[in-house]
Structures are given as C-alpha cells and as structure tokens.
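Below is one structure, written out as structure tokens; comments come after it.
The values are calculated or read from the model by the stated rules, or taken from the named source; none is laboratory data. If you're wondering where the values come from, they're calculated on a predicted model, not measured in any experiment. Every residue, glycine among them, receives a Cβ derived from its backbone with ideal geometry; neighbour counts consider all protein chains shown.
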C-alpha cells in the first residue's frame, strides 16, 4: 500500500524539507524560511520526477542519448533560473539573483548543485531499474529451468514416437486420406513442441501453423453443428514471439465450447497486426452455467495452466508491452491479447 500510493516518496521529501529548513532557516527573514525551503525542495522534486519518469524511460532507455543530454541540461538550467526568480519575489529583492550580474557565482551556488542532486536521483532510478531487470531475468531463467526439467521428466523417446507414428501411417488404408492427413498434422504438432520450441522466440508463421494444425484436428471432433473459424491478417508475418504463447487461449475456447442442440456453437480466432501491435482475439460460445475458464474468470486455463500463470508469463516476457482483456458474458467468453512488437 505504501508503494502504491507513493507514501515513501512523501516521507522522503518531507524529511528533506525538515532537514533543509533546520540547517538554513536562520539565513532568511522570519516567516520566510519555510517558504524558501518549500520552493527549493519542490523545484528539486519536479526536476527529479521529470528526469526519472519522462526523460529516462522515453529517451535514455531508447538510446536517444544526445537528445536526453540536451533536454537534461535545459531542464536543470531553466528550473534553476525559475527558482532564483521566485526566490527574488519571496525575498522582495529584485535583481538579487540575476544570473547575468554574477554569472559564475549563481551557476556555482544554484545550477551546479541542481545538476549533482538531480543526477543523484537519476542514478538511484537507474540502479533500481537495473535491480528489477536482474530480478525479472532471474525469475525467467528459473521458470525456464523448471519447465525444461518438467519436460525432461515427462519426455518420451522422440525417435520411438515418430517411428511409431510412421508405422501407424502406413497401416492406414490409402483410401482413408483424411485419417492419414490427420495423423500427419498430429505429428507436426508433436514435432513443433519437441524441437521448434527450444528457442526463446520463434517465427510467427510457425506459431500460426501450429494453431492451424490444432484447429484442424479439433474440427474432426465436431460436426456441422459447430462453427470454427481462424482468420489471419496478411500483416501477421515477419516477426517473432515466444513459442506456445497463443495456444492456451485456443485450448481454453475448445475446452469450454458450448454444446447447444438448437443454438449456435462457435469458436472464432482472429489474428491481426497494425502499427507494431499484434492482436489476438479468441471468442467462444459457452453454456450459461459454465465459466469461460476453469473456475470462472479467475480460475485456470486448460491443461493445468492457470490464468494467473499465463498472466505471469506475459509479465515476465513482455513487461509493459502487453494487454490482456477478458470479457465474460452469460453465454460468450472472449479473450483479447495485445502485444507490442
């Protein structure tokens, strides 16, 4: 709660105000010291927050170093001039802090200390961001190691598996083309999971092919009573994403698909890309009494992968670069995922 409402920031600036006032109030006329102190602390706080929450994320982290340096210098210099002008007004001493009258002294007493103090605040911000990034990398590495360990524990011999599938393929009558094609698609699904998903990222085309094979197999289990569609925009190509990131949402749609006898049963998957943003929308009909996800909207996705875990995976792999929206109505469940590429 303290971090959420930035109470610790208020406490820190309050302590700075008290310390500054205690050591400097005697330098000013009565009843003016606290105003001057408030002006100095407020001016410093504004510069620190503009630098830490605007210049650093928008410029420094995006490697626009020259523009960051120029704006940082202008920020400190202009705020220092403005602070000195207000201080003149409070002290009722026109021209007392005129920077052109005694340039070296004004810069030494006002501008340079601001550079040092604001730079200290920026350094603290950089250290905190670095620590958070290292923590996030450690969590990603740990989760990946756990996933690999679980995979190795459950892995069967892939050569035996594919040899068996190959043998089954030739046992199927050649006239049964649909059965042979389905077995090939199932083989492709396994090959993708066993071999292609070892990298941190993969081409979106391969992930889309995996979704297509999975949906084709699901179609075989349904009759004409079910409407299943996959719409892929022409722009969905030429970029990479984390493997198996999209399939849990499609699996969830089929797991909780309705089975009405006289009403529409459907699963609709839409993939698109626009202005550097990838959008996936999965919508399915569901029975009125059933939750869209296991246990309702706050429950789990199929296969034991809880919605909380999917959100955590997105937080670790796409921090501040994703939006996951869940809409659940009485008979329709919809998930929208946006990824900044």
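Taken over segment 205-256, the criterion of being in a loop (DSSP other than H, G, I, E, B) and at pLDDT 90 or above is satisfied by 233, 234, 235, 236, 237, 238, 239. Would you confirm, using the coordinates I've provided, whether residue 10 is under 22 Å from residue 120 (Cβ atoms) and more than 24 Å from the chain's Cα centre (by Cα)? In short, yes. For residue 206, the criteria (1) surrounded by fewer than 18 Cβ atoms within 10 Å (Cβ to Cβ); (2) under 30 Å from residue 137 (Cβ atoms); (3) in the same structural domain as residue 282 (by TED's automatic domain parsing) hold in every case but one, which is (3). When residue 118 is tested against the conditions (1) under 30 Å from residue 201 (Cα atoms); (2) touching a helix residue (DSSP H, G or I) at 6+ places or on another chain (Cβ under 6 Å); (3) modelled with pLDDT of 90 or more, the lone failure is (1). Against the definition (assigned to a helix (DSSP H, G or I) and either at pLDDT 85 or above or under 30 Å from residue 196 (Cα atoms) (or both)), how does residue 137 come out, yes or no? Yes. One residue alone among 18, 75, 44, 39 is more than 22 Å from residue 126 (Cβ to Cβ) and touching a residue at least 24 places away in the same chain (Cβ under 8 Å), and that residue is 39.
Here residue 17 qualifies as modelled with pLDDT under 85, touching a helix residue (DSSP H, G or I) at 6+ places or on another chain (Cβ under 9 Å), surrounded by 15 or more Cβ atoms within 10 Å (Cβ to Cβ) and not in a loop (DSSP other than H, G, I, E, B).
Residues that are within 16 Å of residue 216 (Cα to Cα) and free of Cβ contacts under 8 Å to residues at least 60 places away in the same chain within segment 243-276 comprise 247, 250, 251, 254, 255, 257, 266, 267, 268, 269, 270, listed in sequence order. For segment 169-212, a tally of residues being closer than 13 Å to residue 246 by Cβ and over 27 Å from the mean Cα position of the chain (by Cα) returns 0. Listed by first and then second residue, the pairs with beta-carbon distance under 6 Å, at least 6 apart or on different chains, first residue in segment 317-341 and without any contact (Cβ under 8 Å) to a residue 60 or more places away in the chain, second buried (at least 17 other Cβ atoms within 10 Å of the Cβ) and in a loop (DSSP other than H, G, I, E, B), are 328/292. Can you tell me which residue within segment 239-287, out of those that are in contact with a strand residue (DSSP E or B) (Cβ under 7 Å, 6 or more places away or on another chain) and exposed (fewer than 15 other Cβ atoms within 10 Å of the Cβ), is farthest from residue 312 (Cα to Cα)? By that ranking, first place goes to 264. When 23, 77 are screened for being over 28 Å from the mean Cα position of the chain (by Cα), surrounded by fewer than 12 Cβ atoms within 10 Å (Cβ to Cβ), part of a helix (DSSP H, G or I) and in the same structural domain as residue 122 (by TED's automatic domain parsing), only 23 passes.
Candidates are the residues of segment 307-316 that are without any contact (Cβ under 8 Å) to a residue 60 or more places away in the chain and more than 21 Å from residue 133 (Cβ to Cβ); the one that is surrounded by the most Cβ atoms within 10 Å (Cβ to Cβ) is 307.
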